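Engineer: Submitted below is the structure of interest, expressed as structure tokens.
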Amino acid sequence: MVRAVGDKQTRTIRPDFDRSISIDFQGAKITSDTGFLLMREIDQRFNILSAAASQVDDPRSRRRTDHSLLQLLRQRVYQVAAGYEDCNDANHLRVDPALRLALGKEHKNGAGQSSLSRFENKILATGRGLRALEENVSRSADTLLRRRNKRRLIIDVDSTEDPVHGKQEGAAFNGYFEQVC
């Protein structure tokens with residue numbers, strides 16, 4: 001069913017990792033990045049990033065850290081998956097309510113650019129860190145594909161309809177919404 005722009009979707013989603021969260025598709029009342037919550041749901045359901053984090057050594061002093069290794073890994077992966085490929089975006093996103101909930105930070109901010117860059121360069125970029133991430137993402141995708149008897153998996157975490165008119169740069173036809181977005 002194709003919905004016209006402005007049509008109200010009545011279905012509400014409540015993620016298993018925190019049932020107090022409600023995603024209701026009635027406009028951006030709090031955040032425009034609810035995809036962070038859906039990524040957390042997938043991550044937790046298939047034990048992707050917590051398994052990867054458990055295989056990586058954390059050389060930081062526990063007394064001097066504000067963010068766990070798992071929170072840093074989640075923030076970096078979730079941001080990249082949501083289209084924020086540079087760590088520079090972390091300074092803006094660290095206060096986003098959806099990202100904070102997805103990280104388990106609730107009322108505390110996520111990591112800033114400098115913390116994520118140090119994490120990425122000193123911990124994640126090691127051979128062991130990259131292997132752990134790759135193995136756990138592959139394992140969870142393989143499990144899901146076998147369960148569904150499929151050969152390929154497509155995860156679309158931000159299927160926002162933003163129709164364009166004219167020849168705007170970056171616009172393309174979206175088959176799901178059947179228009180140029």
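Engineer: I need a count of the residues in region 155-178 that are at pLDDT below 80 and either among the aliphatic types (A, V, I, L, M) or at positive phi (or both).
Structural biologist: Final tally of qualifying residues: 2.
Engineer: Give A171, A141, A132 a once-over and let me know the one that is surrounded by fewer than 17 Cβ atoms within 10 Å (Cβ to Cβ) and within 21 Å of S50 (Cβ to Cβ).
Structural biologist: A141
Engineer: Report yes if some residue within region 89-111 is over 18 Å from L37 (Cα atoms), over 13 Å from the mean Cα position of the chain (by Cα) and of a type in the set (K, R); otherwise report no.
Structural biologist: No, there is no match, as no residue in region 89-111 is over 18 Å from L37 (Cα atoms), over 13 Å from the mean Cα position of the chain (by Cα) and of a type in the set (K, R).
Table: residues versus (1) among the acidic types (D, E); (2) touching a Ser or Thr at 6+ places or on another chain (Cβ under 9 Å).
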residue: Q44; (1), (2): no, yes
residue: S54; (1), (2): no, no
residue: G83; (1), (2): no, no
residue: D86; (1), (2): yes, no
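The values are calculated or read from the model by the stated rules, or taken from the named source; none is laboratory data. What you see is a predicted model, and the numbers here were worked out from it, not measured in a lab. Every residue, glycine among them, receives a Cβ derived from its backbone with ideal geometry; neighbour counts consider all protein chains shown.
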